[in-house]
Amino acid sequence: MSSYVTFTVDDGLYGVDVQRVQEALRAHARTRVPLAPEGVAGLVNLRGQVVLTVDLRPRLGLPPVGEDAQQMMVVVQVGGETVSLLVDEIGDVVDVEPDRVEAPPDTLDPAIRPLIRAACTLDERLLLVLDVDEAAAA
């Protein structure tokens, strides 16, 4: 059985392997990084540690959120480094039986296909499992 921390970005339900997640919390104030590539939202200070923040919206081909949006962060480990992923809303931790995990659907946009490791059929929704290493690549 696999366990995933779930979150939403726009209308999509995504998940990250629970073993890769350090914590989930409200987004902190970010410091912009000059000349950073699209998708790098800035740097945040998490209890004295400077952490890169990646906005998943441009990586997933989605428009930016409004200025008044209250985004959240999923803090993950990538190559021994701590990275925070900006998401719209944090969900639950779900356990998924192996027979419910499949390859990403053929209908998935080819531009985001490298970001998705698998698709899981839940009772009422499709959960797309995010490739954290690919998504956090700046």
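The values are calculated or read from the model by the stated rules, or taken from the named source; none is laboratory data. Since we're looking at a predicted model, the values are computed, not measured. For neighbour counting, all protein chains shown are included, and Cβ atoms are generated from backbone atoms with ideal geometry for every residue, glycine included.
Would it be correct to say that ARG30 is of a type in the set (Lys, Arg) and surrounded by 14 or more Cβ atoms within 10 Å (Cβ to Cβ)?
Yes, satisfied.
Okay, residues lined up against (1) in a loop (DSSP other than H, G, I, E, B); (2) without any contact (Cβ under 8 Å) to a residue 24 or more places away in the chain:
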residue: HIS28; (1), (2): yes, no
residue: LEU52; (1), (2): no, no
residue: VAL65; (1), (2): yes, yes
residue: VAL83; (1), (2): no, no
residue: VAL94; (1), (2): no, no
residue: ALA111; (1), (2): yes, no
residue: PRO114; (1), (2): no, yes
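Report yes if some residue within the range 43-53 is over 10 Å from SER84 (Cβ atoms) and either buried (at least 17 other Cβ atoms within 10 Å of the Cβ) or in contact with a Phe, Trp or Tyr (Cβ under 8 Å, 6 or more places away or on another chain) (or both); otherwise report no.
no
Going by the conditions given, is VAL40 of a type outside the set (Phe, Trp, Tyr), closer than 10 Å to ALA136 by Cα, buried (at least 22 other Cβ atoms within 10 Å of the Cβ) and under 16 Å from the mean Cα position of the chain (by Cα)?
Taking the combined requirement at face value, the residue does not satisfy it.
Out of all the residues in the range 16-26, which are surrounded by 10 or more Cβ atoms within 10 Å (Cβ to Cβ) and either of a type in the set (Ser, Thr, Tyr) or in a strand (DSSP E or B) (or both)?
VAL16, ASP17, VAL21, GLN22, GLU23, ALA24, LEU25
So is ASP99 modelled with pLDDT under 95, over 14 Å from the mean Cα position of the chain (by Cα), of a type in the set (D, E, K, R) and not in a loop (DSSP other than H, G, I, E, B) or not?
In short, yes.
Quickly run through the range 74-104 and pick out the residues that are more than 19 Å from PRO37 (Cα to Cα) and touching a Leu at 6+ places or on another chain (Cβ under 8 Å).
VAL74, VAL75, VAL76, GLY91, VAL94, VAL96, ARG100, PRO104
When the residues of the range 63-79 are narrowed to those that are within 14 Å of GLU89 (Cβ to Cβ) and modelled with pLDDT of 90 or more, which ends up nearest to the chain's Cα centre (by Cα)?
Result: VAL74.
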